[in-house]
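Working notes for the structure below.
Quick note: the coordinates plus some simple rules give every number you see, no bench work behind them. These numbers were taken from a predicted model, which means no experiment stands behind them. No Cβ is skipped: glycine too gets one built from the backbone with ideal geometry, and neighbour counts run over all protein chains shown.
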Amino acid sequence: MQHTDTPTNLLDLDLNGLKAFFEGIGERPFRATQIQKWVHELGVSDFSAMTNLSVDLRAKLPEIAHLRFPEIVLHKESTDGTHKWLMRVDSGNCIETVFIPEDDRGTLCISSQVGCALDCQFCSTAKQGFNRNLSTAEIIGQVWLAARELGHVRHANRRITNVVLMGMGEPLLNLERVAPALRLMIDDNAYGLGRKRVTLSTAGVVPGIAKLARECPVALAVSLHAPNDALRDEIVPINRKYPIAQLLEACWRYTEEASIEQITFEYVMLAGINDSLEHARQLVRLLRGKPAKMNLIPFNPFPGAAYGRSEHADILRFRDTLAAADIVTITRKTRGEDISAACGQLVGQVQARGRRHRAQPGAVTAL
Ligand code: SAH
């Protein structure tokens with residue numbers, strides 16, 4: 001990497017990127033691992049505190065590099081212990097990051113884009129429109145900041161045990177910047193999460209699935225939401241480009257290429273839309289005998305939503321139909337609803353560009 005006058009944000013670089021950076025300034029590549037450990041394992045952002053770097057390098061770094069994070073502008077804690085942060089990434093845009101503590105784990109849900117371009121009908125992020133991709137620094141910066149806010153503890157006692165890319169945005173449409181962040185999450189000299197504890201969720205960007213297997217084969221979740229193309233075309237419009245058969249084929253191939261046991265399918269339960277017995281039976285035909293796990297998500301309402309949450313009895317009937325066909329099915333507990341931190345409720349603050357849904361001025365409606 002060529003050194004230029006603009007400082008490099010080291011947060012944008014995974015291990016290979018850091019090695020190239022140090023080589024470019026005439027330093028040995030092992031500096032990359034040292035810096036990565038300071039920043040991501042130990043949560044240190046001040047070069048002068050990085051005591052195993054040479055004195056010269058500590059003096060030089062601030063002139064050519066920096067560590068630039070999003071800025072936390074608001075923090076909310078739910079009565080159930082869920083945390084939500086609103087993070088400013090530039091003068092007009094904010095994203096949201098959520099931490100969900102459970103008995104045996106702590107899951108951080110991060111965003112990959114400012115807004116989203118996919119227009120899924122039941123998702124409030126979609127209604128905000130799309131502004132831009134997040135940089136690697138802005139993606140991994142969410143993990144760094146949340147770890148700090150939760151009290152940064154080294155691997156053994158850390159509070160963040162899992163990361164899911166289920167916040168704002170479609171990660172497979174920003175894989176170029178998402179992949180280095182994923183590699184940092186799983187690197188033992190950074191967050192050390194292990195690739196099964198990092199889950200990328202996609203609405204079904206089929207070509208991105210094979211790329212993910214090559215770039216960083218983490219756990220994969222797929223937002224299915226409908227068991228036939230007619231319905232999925234309507235509520236998850238990217239289905240018109242990549243229909244269900246193509247999507248599922250890419251999924252089964254992913255389990256082999258990424259050596260993972262199964263794909264998690266997310267299915268938001270919309271009253272009277274996709275929650276009938278017939279829908280459940282269609283799903284069984286798609287998934288029976290396949291390496292698939294179902295995650296039923298009760299719809300989370302938001303202002304202006306055109307849908308309602310399925311009745312509890314309908315969700316149970318749906319689950320039982322799938323379970324009877326030996327499809328492992330869990331119903332996701334709704335968390336953080338009182339602070340609008342639940343699935344599909346993340347809106348941040350998005351200056352939409354050239355889309356028919358325009359964000360309301362100052363629309364931090366979730367907070
Ligand atoms: N674009 C990616 C990442 C976002 S994940 C994807 O679609 O997978 C966010 C998850 O929450 C997805 O499964 C999404 O379909 C679901 N979701 C969106 N809106 C929701 C809502 N209002 N209630 C419940 N779940 C919702």
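A compact table of results
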{"read-out": "Lys/Arg +1, Asp/Glu -1 at C-beta; the chain dipole; positive extreme among PHE122, ILE25, VAL55", "value": "PHE122"}
{"read-out": "Global form of the range 253-344, assessed from the alpha-carbon gyration tensor, a/c cut-off 1.5", "value": "oblate"}
{"read-out": "Under Karplus coefficients 6.51, -1.76 and 1.60, residue-wise ³J(HN,Hα) of the range 47-52 in Hz, glycine/proline x", "value": "4, 5, 8, 8, 5, 8"}
{"read-out": "Residues whose placed amide H lies under 5 Å from that of ASP187, excluding near-sequence neighbours", "value": "GLY192, LEU193"}
{"read-out": "Within the chain, helix-based [θ] at 222 nm, where runs of 4 or more DSSP H residues each add -39,500 (n - 2.57), nearest 500", "value": "-9000 deg cm²/dmol"}
{"read-out": "Fraction of antiparallel bridges per DSSP, the chain only, in percent to nearest 5", "value": "45 percent"}
{"read-out": "In order through the range 266-275: 3J(HN,Hα) via Karplus (6.51 cos²θ - 1.76 cosθ + 1.60), integer Hz, x for Gly, Pro", "value": "8, 9, 7, 8, 9, 4, x, 10, 9, 10"}
{"read-out": "Neighbourhood net charge (14 Å Cβ-Cβ; Lys/Arg +1, Asp/Glu -1) for LYS196", "value": "+3"}
{"read-out": "Interchain or long-range residues, amide H under 5 Å from VAL164's placed H", "value": "LEU108, CYS109, ILE110, THR199"}
{"read-out": "From phi via Karplus (6.51, -1.76, 1.60), per-residue ³J(HN,Hα) for the range 339-348 in Hz, x at Gly/Pro", "value": "10, 6, 10, 6, 3, x, 9, 7, 10, x"}
{"read-out": "Relative contact order (percent, whole number), the range 160-318, Cα cutoff 8 Å, 6+ residue spacing", "value": "18 percent"}
{"read-out": "Long-range HN-HN contacts of ASN9 with modeled amide H, under 5 Å", "value": "HIS66"}
{"read-out": "Protection proxy ranking of 304-317, 127-140, 67-80 - average other beta-carbon atoms within 10 Å, highest first", "value": "127-140, 67-80, 304-317"}
